[in-house]
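A quick write-up on the structure given underneath.
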Amino acid sequence: TILFGIISLVAAVLVLCILYMIVLQKTRDIGIIKALGASSSGVASVFLLYGAAVGVVGAVVGGALGYAIVVNINQIQEGLIWIHPGLQVWDRSVYSFDEIPNTVQPVEFMVIVLSSILLAVLGAVAAAVRAARMHPVEALRYE
């Protein structure tokens, strides 16, 4: 859980950095849109929806890959041993299990997927606030 939390925070910070850089690069475009009458909340919602889209795509792809790996982990282990015996990850003589435990709890899976989407949206908040606070004249002055 701690490892997942650290990875999720890193992902949220990366979403923040990427979207913030997009806002900085699109200053002129945001200024033009606001000069044409777009509201600050409308501009902010674009970046929040973009963060949500990144979160949904990441959660769906990551969740599907993670689920597929966990469900098939014993077959993956057998395939690695077949390729080269030195690639054995799970030593049956060390552990009291015959195979790697691979149970997926649906509630925990959904909590992880939904929290990753939420963290991506939270990572987009700073970029959305920056874009919403931009004044059209200031945005276009230095372009």
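General remarks:
- Relative to the longest principal axis of the Cα atoms of the chain, the long axis of helix 2-25 makes an angle of roughly 30 degrees.
- Contour excess over end-to-end distance, with Cα ends at ILE69 and GLU138 and 0.36 nm allotted per residue: 19.8 nm
- Distance in nm between pseudo-label sites at LEU36 and GLU99 (7 Å out along the Cβ direction from Cα): 5.8 nm
- Positive minus negative residues near ALA44 (Lys, Arg vs Asp, Glu; Cβ under 15 Å): +3
- Each peptide in 26-37, 122-133 receives the mean, over its residues, of other Cβ atoms within 10 Å, and ordering these scores from highest gives 122-133, 26-37.
- Summed over the residues of the chain and divided among them, the accessible surface reaches 69 Å² per residue at a probe radius of 1.4 Å.
- Cα gyration tensor shape for region 57-143, rounded if a/c is under 1.5, else prolate or oblate: prolate
- Nearest 10 degrees, 0 to 90: helix 40-71 Cα axis against the chain principal axis: 10 degrees
- Among the protein heavy atoms, those of SER96 account for about 110 Å² of accessible surface (1.4 Å probe, every chain in place).
The values are calculated or read from the model by the stated rules, or taken from the named source; none is laboratory data. What you see is a predicted model, and the numbers here were worked out from it, not measured in a lab. Note: ideal-geometry Cβ built from the backbone for every residue, glycine included; neighbour counts use all protein chains shown. Ligands, DNA and RNA are excluded from the accessible area calculation, which covers all protein heavy atoms including side chains. Shrake-Rupley method; radii C 1.70, N 1.55, O 1.52, S 1.80 Å.
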